[in-house]
Every structure is written in C-alpha cells, then in structure tokens.
Amino acid sequence: MFALEARALRKSYEGPDGGSQLVIDLPALSLAPAEQMALRGRSGSGKTTLLHLLAGILSPDAGTIRVAGEEMGAREAQRDRLRGRAIGYVFQSFNLLPAYSALENVRLAMHFGGNEDAERARSLLERVGLGDRLDYRPVQLSVGQRQRVAVARALAKRPALVLADEPTGNLDPENADAALGLIREICAESGAALLLVSHDAAALARFDRVDDLESINRASVSR
C-alpha cells in the first residue's frame, strides 16, 4: 500500500480571457510509506495547486488520489476528514491561528484529526526548541519559531503523509536548514512519507529523490 498514490490528475482554472487554463495534468505520482521526495518547480509551475489537490483542499477536475489506501472523496467534508486523520501540511505562510498559543495551535490540529494528545503536543514543541514558548501566540514568536510551530503541528497527529510547501522560503539559511532537518527527521521516526515542493537548491540537495514538476506535469508543456 502506498502512502500516496495519484493517477490521471487534472486541474484547470479560468484564464484572463474566460477560457480554461490547464494547470495540472499529472499521469502518476506515488510515495511509499516513509519515502521522502522533493519536487523542483519555478514560481507559477503549479506546485501549490498540486499540494492542495493532494491534501484535499482543492478538488481535481479528473483523476484519483489515495492516501494510506483511502480514496480522497469528491465531497469537501470527506476530504476534510481524510486530511484531518492522515495528512500533515507545512504551509509556506505557516497558517497559524493568531488568537491561540503555540501549544493550542498544535493541540487543535490533533483535535481535528480525532487523536488529541496534550503530552505529545508539548513534547514535539520541546523537540523543536520551543519548550519555553508554549504559551506564546504567533505574533510573539520570530519567523523561525513560527515555522517550528508549523512543523510540530503538521507532525503531531502522526500522519501517513506530510506535504511541505516551500517550508524554508521565509527563513534565513541557518533556520531553513534546521527546519528542514526537523521535518525529515521526525517524518523518518514516525514512518510518514514526505513530499516537499521547492525551488531552493539547498533544500533540494538534501533529498535522494528529486523530480522536476515541469517534467512530470504535462500541463507545463503547453504553457
């Protein structure tokens, strides 16, 4: 069983002229449990759209997506439930809830996944060096600290699949290296598959499996 399996995936948007613009045309993409893969892609190549499809945030026009053997449903509520149970997402912009503390942000993600564990949430934040910032809200944290909260939140519910969208894009080289190391290390320990998309050469160099999105996405050829 694959941690991720996508087949014949297509997604279009309405273009400026009112016509349909194909953004994703992906014949196949799969990751085994605990496998780590990076996708290289320039800005505008469809990286975030692809991750949103794989996470169930967007619905494809055609194709199938299976995560940990379960098919991503067509209805939004079905997709939300699967994402809550089986997918961790590290957003480029962090997407932390501003009114909640670091600890509350992590615990809420676990709650929506149906497996809240306060001790694990606390332990992960300590692991990423924020044991003394548990009660700090995002505005009280540095950019690097917010990214570490986002990493802990994505991994807290022990997902089968972790998706990371340019996770080092807002960080200086030292914090970027530390954040990526944490993502990879905790994924390896928990057996989660990791799919990272980036244009950062330093981040991509840390992966054994690196593909060019534009080489596997047939929509890129027509642009």
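To the nearest 10 degrees, how steep is helix 118-127 against the longest Cα principal axis of the chain, on a 0 to 90 scale?
90 degrees
Say we join alpha carbon atoms closer than 10 Å with springs in a Gaussian network model of the chain; which of Tyr136, Tyr89, Tyr13 then has the biggest fluctuation?
Residue with maximal mean-square fluctuation among Tyr136, Tyr89, Tyr13: Tyr13.
Could you tell me which label, among (i) 7, 28, 25, 19, 16, 6, 0; (ii) 8, 35, 40, 15, 2; (iii) 8, 34, 36, 18, 3, 0, carries the value of P(r) over Cα pairs in 10 Å bins from 0, in percent calculated for this structure?
(iii)
What's the center-to-center distance, using Cα atoms, between region 26-73 and region 117-146 in Å?
About 29 Å separates the Cα centre of region 26-73 from the one of region 117-146.
Multiply the residue gap between Thr64 and Asp172 by 0.36 nm, knock off their C-alpha separation, and tell me the result in nm, one decimal place.
35.2 nm
Can you tell which of Asp211, Asp132, Asp177 shows the greatest fluctuation in a Gaussian network model of the chain with Cα springs below 10 Å?
Asp132
Using alpha-carbon pairs under 8 Å, 6+ residues apart, how would you state the relative contact order of region 17-77 in percent?
On the way: 23 pairs, mean separation 13.7, N = 61.
Relative contact order comes out at 23 percent.
Which residues' amide hydrogens lie under 5 Å from the amide hydrogen of Gln36, considering only partners 5 or more residues apart or on another chain, with H built in the peptide plane?
Amide H to amide H, under 5 Å and 5 or more residues apart or across chains, Gln36 pairs with Leu194.
Could you give the length gained on full extension between Ser142 and Glu71, defined as 0.36 nm per residue of separation minus the Cα-Cα distance, in nm?
21.8 nm
Which cross-chain or sequence-distant (5 or more) residues have an amide H under 5 Å from the amide H of Val23, H modelled 1.01 Å from N in plane?
Lys11, Ser12, Tyr13
Under 8 Å for C-alpha pairs, at least 6 residues apart: give me the relative contact order for the chain, rounded to a whole percent.
29 percent
In region 144-178, whose amide N lies under 18 Å from the spot 7 Å out along Cα-to-Cβ of Tyr13? List them in ranges.
In region 144-178, the label zone of Tyr13 (backbone N under 18 Å from the point 7 Å along Cα→Cβ) covers 165-166.
Amide H neighbours of Val90 under 5 Å, counting only residues 5+ apart in sequence or on other chains, H built in-plane at 1.01 Å?
Leu163, Ala164, Asp165
Since every read-out is calculated from the coordinates, none of them should be taken as a lab result. Not measured: the values here are computed from a predicted model. Cβ sites come from the backbone with ideal geometry, for glycine too, and all protein chains shown count toward neighbours.
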